[in-house]
Amino acid sequence: MSEENNYQLNDPAASYSAEKRITFFSSMQEMDEYKITEMAKLTHEQLLANLNTFRKSTFREYLTADGNWPKMERIITMKQSSTKTPPQFPFSKSPQQKGRF
């Protein structure tokens, strides 16, 4: 075994980083304020990356073997209407409903 292998960590569930620090709080309110300020510092790209990581961890059973989303077929079929009059929507006024809305 080489010397460099002695110092490698093999724990896929843990994230080790020199940037992260442990912070202790004296109250729950202080912790909430800290979390809010830390989230406010994130860029839009970091927020989207966090969202994508969350989506992939939540719906991992739907991912392909390489960890990507499966391709969706986008097929749109246009059909000719069988009626000559447009459909009536609930809030559109017909001649019989004058003044009701």
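Annotations for the structure displayed:
- Filter result (small (Gly, Ala, Ser), exposed (fewer than 10 other Cβ atoms within 10 Å of the Cβ) and at negative phi) within the range 21-71: Ser26, Ser27, Ala40, Ser57, Ala65
- For the range 25-42, a residue qualifies if it is aromatic (Phe, Trp, Tyr) and touching a helix residue (DSSP H, G or I) at 6+ places or on another chain (Cβ under 9 Å), and exactly one does: Phe25.
Any read-out appearing in this document is the output of simple, stated calculations on the displayed coordinates, not a laboratory observation. Please read these numbers as outputs of a predicted model, since none were measured by experiment. Note: ideal-geometry Cβ built from the backbone for every residue, glycine included; neighbour counts use all protein chains shown.
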